[in-house]
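Here's the structure, in structure tokens; my notes come after.
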Amino acid sequence: MLKRPELSRIIYTDKQIIVHAFQMNMIHLGNFLPTNLQQITFKPQSYLFLNDTRVGKLQADIYHRDQKSIYLYFENLLPNIKYNNYFFYPEINAKIIQCPICSQYYKPNDLPCECIRTAPFFFLPSCEISKMQILNFKTDNLDSADCRESIYDKFFSRSLHNLKFMEPI
């Protein structure tokens, strides 16, 4: 039996790739915090990609109640690749997001509050995962995994057009 990986880390064998994809009360690599794991859905026939190459086919997404986590199990399509330095990164398609500071909910084309502009993450009540990728944390730029800019652009119709995200000092 394999050891369960930490959040977003990859565990693999020649036949299977396992990802600890989401957990309650843990900020994901994309700078979002899921608030209801049972409202996260996956497209049928989903694949795991590495640089636009299919490396895994989704076999199961399992919600573990005791850990309040979702684990994804993929068939390993390229068993010759070593996934030691890789992290899971989903591209999300959200219908609603929530500000972590004022707790206001937003739908696309709403006007943003001032506090969401500086929030280090956002709450994600529900979403559909449109694409699943893995990133090498040693060679890839993990700043590109911050999905706030694309989500805010979609939700606020460019009302945050000059917004640049900066790390806290």
For the range 57-115, what are the residues that are over 28 Å from I134 (Cβ atoms), of a type in the set (A, V, I, L, M) and either touching a Lys or Arg at 6+ places or on another chain (Cβ under 9 Å) or in contact (Cβ under 8 Å) with a residue 40 or more places away in the chain (or both)?
-> L111
Checked I101, I151, I116, I96 against criteria (of a type in the set (A, V, I, L, M, F, W, C) and within 17 Å of Q39 (Cα to Cα)); the one match is I96
Single condition N31 does not satisfy, out of (1) in contact (Cβ under 8 Å) with a residue 60 or more places away in the chain; (2) farther than 21 Å from R148 by Cα = (2)
Is it true that some residue in the range 12-22 is over 22 Å from A145 (Cβ atoms), surrounded by 14 or more Cβ atoms within 10 Å (Cβ to Cβ) and modelled with pLDDT of 95 or more?
-> yes
Note down all Cβ pairs under 9 Å where the first residue falls in the range 1-24 and is more than 15 Å from F49 (Cα to Cα), the second is among the acidic types (D, E) and at pLDDT 95 or above, and they're at least six residues apart or on different chains.
-> K15/E75
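The values are calculated or read from the model by the stated rules, or taken from the named source; none is laboratory data. Just so it is clear, the model here is predicted, and its values are computed rather than measured. Glycine also receives a Cβ, built like all others from the backbone with ideal geometry; neighbour counts cover every protein chain displayed.
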